[in-house]
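What follows is a set of notes on a single structure, which appears directly below.
The values are calculated or read from the model by the stated rules, or taken from the named source; none is laboratory data. Everything numeric in this text was worked out from a predicted model, so none of it was measured. When we count neighbours, we look across all protein chains shown, and the Cβ atoms used for this are built from the backbone with ideal geometry, even at glycine. Each accessible area value is taken on the protein alone, full model and side chains, heavy atoms only, with ligands, DNA and RNA left out. Shrake-Rupley method; radii C 1.70, N 1.55, O 1.52, S 1.80 Å.
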Amino acid sequence: MASILGPSLSIVRAYALRNEPLVVSKITAVGENSHSPLWFSCTRARKSARNHFQLKSSNGLPLNAVSSNDGLAGTSLAKEDSQLQPLHGLFPLSDSECTGSNLSITVVGASGDLAKKKIFPALFALFYEDWLPENFIVFGFARTKMTNEELRNMISKTLTCRIDKRENCEDKMDQFLKRCFYHSGQYNSEEHFSELDIKLKEKEGGKLSNRLFYLSIPPNIFVDVVRCASQKASSRDGWTRVIVEKPFGRDSESSSELTKCLKQYLTEDQIFRIDHYLGKELVENLSVLRFSNLVFEPLWSRNYIRNVQIIFSEDFGTEGRGGYFDHYGIIRDIMQNHLLQILALFAMETPVSLAAEDIRNEKVKVLRSMRPLQLENVVVGQYKGHNKGGKSYPAYTDDATVPKGSLTPTFAAAALFIDNARWDGVPFLMKAGKALHTKRAEIRVQFRHVPGNLYKRNFGTDLDKATNELVLRVQPDEAIYLKINNKVPGLGMRLDRSDLNLLFRARYPSEIPDAYERLLLDAIEGERRLFIRSDELDAAWSLFTPLLKELENKKIAPELYPYGSRGPVGAHYLAARHNVRWGDLGNED
């Protein structure tokens, strides 16, 4: 492989170092690892813009990447750079070489809701946008008896094209569906996975094959599937990777046991533990906002930040998922993974680079610096039935799949603390709940009061109204806005609170890709930055396991709150105990 790249490799590295840092590691891998797929570099070449940080001015035109004073100015490389030419023109890979390998994606649990609603649509979106290699196939695997045509009919009902790109939608759908196949089998049957392997080889046509397995199945059968797939259906000449859906256990012990069992058949590098919240656009924007804007990084510490709030709410209940939900509860389902991952990204120190291991190392440091949760810093709740506007809303325990008298919380609020120099004493408040008054997910950063504020009389006794606040709204209507104080036009001195607002759908009219699209593409490319490492998982569970055991052993009864309300009153007392007011309760929100 190194001979194929030849002397051009140094030119590629020079280009990548200046404009596309993530490309360097990938090209190096191609040159140094004979098992790395050739199509990988071809896909990167076609879509180098994904990691090419092109800055644009407010009029939409790109800012010059090479200045006239740069040492490369005037050279052919500088000219190519200024024109933002695609990377594939820089190294000699022929079309035949780019089409010389296969990508085989197997969705295990293909008949389930997650596969139908998220995974197949995400794969189609990647195909539609030309992110997938030329030679790829998709296999569905499940216990349900189904033909290829029945699978295609099933998933065709959930496929959609981008709102702004529909000109050849039907043709692309037909092309994608022709690459989709199905095999029925038992999840613990090596024989059935051997049959799957035969079908995969038949479609791969003897070419170098890379195989990705997506486990869209309950966690109690993860290990059986991994055992059968690794022994009977893994790639013999390329890579094999496995995407594992949460939950990753119920506590520290079960999580460690699951990791231990998976590692009997896979290496850590083959395991991609997916948390779809890490693929959301605003979560990705969090590190960009902080590390590429000088105005924020100096403020990102206890010196200027009074508290941080991470809020998740849904305006619906368990809706028939009560049986699954009752086994885990809101803390395991949302807080221990989605919200804690956001907290770690928010609070981490500046990583050495954007490489996956550097970022994950910093996240682990944050998690290991946190105090284990105490019961006194937690409030749990459960929604009850409620009549509103002539409509009756059921209680959690009215769900036929939920055991009567269940104490499983559908709401939780917690105050967490990070014992390090940057965040000492700053409360990080989390709350997550179902059947609340609104659907939202956001990060709210409340800054300290202005010392000796000259205008404090204009705010009256409530100085919280004068607090600057940075809000990253993850969903719905993705936005970043900063609350500032300003004077109302007129002869008097009347102050108002206004938003400096970046509303993404107004600024960027194109449709935002779904989180599963980003994460699937990262797994295909071997990019692990947004996936959870085993030591990271251990650190996360160590924070919550003592609390979960105490709640269950003491049979703590959750505080009841009406369906469609703002949650239990205890959450407000918890915030007040730490001198915090929940930021999502204001009229402007």
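Observations on the structure shown:
- Qualifying GluC sites (Glu not before Pro) for the range 442-533 [loop in DSSP, other Cβ within 10 Å: at most 15]: GLU511
- Solvent-accessible area of LYS554 with every protein chain in place, 1.4 Å probe, in Å² to the nearest 10: 120
- Residues VAL352, VAL378, VAL450, ordered by accessible area of protein heavy atoms at a 1.4 angstrom probe radius and largest first, appear as VAL352, VAL450, VAL378.
- In summary, the aspartates and glutamates within cross-link reach of LYS232, defined as a Cα separation below 14 angstrom excluding same-chain residues under 8 places away, comprise GLU190, GLU191, GLU195, ASP197, ASP224.
- About the centre of its Cα atoms, the range 102-245 shows a dipole size close to 160 debye [charges on the beta carbon of Lys, Arg (+1) and Asp, Glu (-1) only; nearest 20 debye].
- Per residue value of the accessible surface for the range 102-245 (all protein chains in place, 1.4 Å probe), Å²: 42
- Heavy atoms of VAL288: accessible area, 1.4 Å probe, square angstrom to 10: 80
- For the listed residue pairs LYS118/LYS203; LYS201/LYS363; LYS145/LYS439; LYS439/LYS483, the alpha carbons are over 29 angstrom apart in LYS201/LYS363; LYS145/LYS439.
- Stretched out straight at 0.36 nm per residue, the stretch from MET493 to ASP171 would grow longer than its current Cα-Cα span by 109.7 nm.
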